[in-house]
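Shown next, in structure tokens, is the structure this report addresses.
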Amino acid sequence: MSGNIKLQICDSAAAVATAAATAFADLIRTRPDAVIGLATGSTPEATYTEMARMHKDEGLTMAGVTSFNLDEYWGLGGDHEQSYRYFMNDRLFRHVDIHPWNTHVLNGKARFPALECRSFEDRILAAGGVDLWLLGIGGNGHIAFNEPGSSVDSRTRLVSLTQETIDANSDGRFFSDPSEVPRCALSAGIGTIREARALILLATGAKKADAIAAAVEGPFSPDCPSSLLQDHPECTFIIDAAAASMLT
Ligand code: F6R
């Protein structure tokens, strides 16, 4: 079952980044006050580099844009180098003209996590909802930090990370040792993500091939959280050939 998921299979990871950055730039040029959703992790880094280049070389302005990020490690403040707030400032926000006060990243040090999550959802509503949300995918099929078992209507909340996710994030790209990785995170829920008017999920490399096949061709099931995008009316997976290699 592939539901409504559209597939855009690119020759290379670089082409994935160009296609994703172009989709965001097209939206922002058409709607300068667009509300966009963003992701962290390795996969979108090249997309952000390309968006920064478009700002510098092509006059792409993000001055009217509002952004919401998927998730944040619980217990890390924005000045921590492995926090997702730090990542976003470093990889994208400081290279473009988006106003810092229009960038919403959950506060991993909020005193009351439930209030922080509620406020995040309220801010999305107040902004009029998300026009286009960028996603990555975990090797276990997670989206944001919605691990297998997360329900289709889950909302932004404090979640526990699986050992697989902790290990994946301590392979030297971000944390060098599993003991350094926070055990919990604040994460937009699957229900929150599904309310975005359009979704783009990126995946590159053979390590993501099984997860992509399960998301696109497997059952619609919380066992593979990304499969819960199958009935979204406007969801595109932009992936490279290696990530597409297990599709039938
Ligand atoms: C990050 C996020 C995660 C990642 C996923 C893939 O904001 O929500 O779901 O998208 O873990 O991470 P990478 O791209 O590092 O393989």
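Some points to look at:
- Within region 196-243, considering residues that are among the small types (Gly, Ala, Ser), crowded, with 20+ Cβ neighbours inside 10 Å and touching a strand residue (DSSP E or B) at 6+ places or on another chain (Cβ under 8 Å), the one farthest from residue 15 (Cα to Cα): 196
- 3 or more residues in contact (Cβ under 8 Å) with a residue 60 or more places away in the chain and not polar (S, T, N, Q): qualifying strands (runs of 3 or more DSSP E) within region 1-76: 6-10, 35-38, 71-73
- Test: residue in region 52-64 that is open to solvent by 40 Å² or more (accessible area, probe 1.4 Å), within 14 Å of the ligand (Cβ to nearest atom) and farther than 26 Å from residue 128 by Cα: no
- If the condition is being β-branched (Val, Ile, Thr) and open to solvent by 80 Å² or more (accessible area, probe 1.4 Å), then region 1-21 contributes only 9.
- Of the strands (runs of 3 or more DSSP E) that lie entirely inside region 86-195, not one contains 3 or more residues that are in contact with a Gly (Cβ under 7 Å, 6 or more places away or on another chain), open to solvent by 50 Å² or more (accessible area, probe 1.4 Å) and within 16 Å of the ligand (Cβ to nearest atom).
The values are calculated or read from the model by the stated rules, or taken from the named source; none is laboratory data. Keep in mind that this is a model prediction, so the values were computed, not measured. Note that we place each Cβ from the backbone using ideal geometry, even for glycine, and neighbour counts take in every protein chain shown. Remember, those area values only see protein heavy atoms, side chains included, never the ligands or the DNA or RNA. Shrake-Rupley method; radii C 1.70, N 1.55, O 1.52, S 1.80 Å.
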